[in-house]
Every structure is written in structure tokens, then in C-alpha cells.
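Structure, as C-alpha cells:
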Amino acid sequence: MSEPIRVLHVLNTGSYSGAENVVITIINNLKSYENIQCTYLSLNGDIKERLEKENIDYYLVEKLSIKNLKKAIKVLNPDIIHAHDYTATIISSLCFSKAKIISHIHNNSPWIKKRGIYSYVFLFSCLRCKKVFTVSDSIEKEYVFSKYIKNKIDCIGNPIDINKIKKLADAYNINERYDMIFLGRLTEAKNPELLIKIIENLVAKKPSIKIAIVGEGDKFLEIKAILENKSLIKNVKMYGFVENPYPILKNSKILCLPSKWEGYGLVAVEALSLGIPVVCSGAGGLKKIVNNRCGRICADKKELYITEINNLLNYSEYFNKKCYEAREYSRKLDNIDKYMKIVYETYSIIFEKER
């Protein structure tokens, strides 16, 4: 095709985390295609520095609203709007532009399970979309109205580039080593209450245990205060946001993810690729990533987390076997070429059909 396909990625965030990482990965991997032009539209925030570093075209707004998005559409004239998550999908659908919409859902929020204003509005928005990408099949299974858009849904997971993860993990050295790490945004979805209970029990059993918490979020200060009040902070280093957290992850023995809900669970794959067992809830896509060979699914049962983590820390043969299985299993999850082929072909098909 000689005519370029102009794609506008729309996000309702101004920070850098899982979904933002996926979008940046998509845009960077599409740079090799001369007929694709991508622009990243989001809230103004820390993401600006990241986009400039990655040499990605961007359009920042103070608020993702119909008015602001319409202005951007008028300036950028996209052929396709790739809307990431629920709010971006809804607002994109209400702009009624000539651009065709792809909805890309990165997490399975609890409200999708029942009838309500949000689930109805999202349904009407999806009816205007040409395609609905999801990161795990749990989203389709749990969405109360999924049967009405079943023909549009395509579960594509997340882009996994194992070689890139390993290179990032070797980008710099740290002296600290941790028995356990939590890596992710500190929000209600990640179940910080259970994380604190797990830490409290682990410290009681092993007073010398060292734990890393990497990530920001609206629960960061609350969690820090609780850890300080319980005299647990001496065992925990709270890093906050780290642009490249993989060297810290590499220097940790176990990844703990007690999430209430998840999308794909990309950080679990990243840990496995570095030979790190994952102890998690099994929420969202995690149930397809983690098994008893490379970690353990513990649901919301604190006792299971404590038992598994202690077994991994105290029995070297048990730990080493799971580390080996983690590396082996992660190779099967490496999908960057297949993933990008799906995205590119979807853009091309939608573009050609609508010409």
C-alpha cells in the first residue's frame, strides 16, 4: 500500500505502566512499516519524557474529553483510532468521526461482570468498533454483554519479547538482593491489603527477609505508612517508579502478585523469563501464565502464599527446579512477531475495507 495508515492511540493516563508499555511496544515495532504512522494521545504527565526518549509522535491533553479528542482528530485526521481500555473506547465512540475504532482492553475491571450503566455504555461503544482486542480470555468470559460483540473480540495477549527483557535486566547492576519482590502499580486492583498481610507473616517467620516493592500508585503512601506503623519498613525497600525495574527484578528470588483483578499479567512473564518463580492470585490472564511447575496460584488465601514462599526460600532443590521451569516455560510465551503481525494485519484489513 502506498497510502499511509494514520493510527491514533488513545489513552486516559499520563503515566507509564503496563498498558502504556504495550502501546509503546506496538508503535516502536510498527516503525519498520513505512505505510503506518502512529501518534500517541494521552493525558499530559510523566509519559511525555518517555515518549520523547522513544522518539514517538504525541499529542497531549489535560483531560480526555469528547471536545479535546475531536480537536485532536481534526488536527491529526486518523484513519484508525486504537482506543486503549474502557474510558478511551467510550469517548472515542462518542466523537462520531470517520476514523474506524479498535477497542483494546488491558484489564478486566469488576464492573464488567454485572449489568449497570458502565457495562451498558461500553457495549454501545463496542458496537461502533470494528475490532475489540483483549489481553486475556477472562475479559470475554466475564463481560456480561460479551455475546453481543463476540464476533468482534480477538484475544491477542500482550507482546512478549524475551530477548529485550533480558537485555533490560542487564542494563545496570544493583548490589541489593531480595527474597521477594512486588512489581506493579500500587492500586486497589493489586490487593495491597493482602500484600501487607503476606509481608507481616513472612517477617514474623524470617526477621532477616528482604523485600522490594517497585511501583507507584494511589496506594503508595498508605502502604508505606502501614509498613512503618507495623515496624515492617526495615525489611522492605519501596522504590516507587523505576523506569527500568528489570535489574531489581533479576536480583529477586520470588515475584508476588496477589491481585484482585488483572488483565494479562505481563510482569509475571517478565519474571519467568529471568528464572524467577511467581506466586500469585491467578486473576485475569495469570491463570494461563503461572502453574505449579514455575510458581503457585494461591487465590486470596494468605496461608498458601506464606507456605509456598517459605518453601521456595528454605528448600534450594525445590527453588532451583521452579527457576529452571520458569525459564523453560517463558520461551513458549515469546510472541512478539506473531503479535505484531496480528496488529498490522488488523489495521490493513480495516483500512482497505473502509476505503
Going by the conditions given, is residue 300 of a type in the set (Asp, Glu) and touching a helix residue (DSSP H, G or I) at 6+ places or on another chain (Cβ under 7 Å)? yes
Does region 131-154 hold any residues that are crowded, with 18+ Cβ neighbours inside 10 Å and not β-branched (Val, Ile, Thr), and which are they? 131, 133, 136, 138, 140, 143, 146
So which residues in region 186-215 are in a helix (DSSP H, G or I), without any contact (Cβ under 8 Å) to a residue 60 or more places away in the chain and over 28 Å from residue 110 (Cα atoms), if there are any at all? 203, 204
Just need a number here: residues in region 321-355 that are open to solvent by 90 Å² or more (accessible area, probe 1.4 Å) and part of a helix (DSSP H, G or I). 10
Could you count how many residues in region 2-32 are without any contact (Cβ under 8 Å) to a residue 40 or more places away in the chain and surrounded by 17 or more Cβ atoms within 10 Å (Cβ to Cβ)? 4
From the residues in region 33-46 that are in contact with a Ser or Thr (Cβ under 7 Å, 6 or more places away or on another chain) and at pLDDT 95 or above, which one is least open to solvent (accessible area, probe 1.4 Å)? 42
Conditions (1) surrounded by fewer than 21 Cβ atoms within 10 Å (Cβ to Cβ); (2) within 15 Å of the chain's Cα centre (by Cα); number of the one not met by residue 184: (1)
If we ask which residues in region 108-122 are surrounded by 17 or more Cβ atoms within 10 Å (Cβ to Cβ) and of a type in the set (A, V, I, L, M), their number turns out to be 1
Just for region 1-49: of the residues that are in a loop (DSSP other than H, G, I, E, B) and among the hydroxyl-bearing types (Ser, Thr, Tyr), which one is farthest from the chain's Cα centre (by Cα)? 2
Output the residues belonging to region 80-101 that are in contact (Cβ under 8 Å) with a residue 40 or more places away in the chain and closer than 14 Å to residue 41 by Cβ. 80, 81, 82, 83, 84, 85, 87, 88, 89, 91, 92, 99
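The values are calculated or read from the model by the stated rules, or taken from the named source; none is laboratory data. Small disclaimer: the values here were computed from a predicted structure and weren't measured. Note that each Cβ is placed from the backbone with ideal geometry, even for glycine, and that neighbours are counted across all protein chains shown. SASA here: full protein model, heavy atoms, side chains in, ligands and nucleic acids out. Shrake-Rupley method; radii C 1.70, N 1.55, O 1.52, S 1.80 Å.
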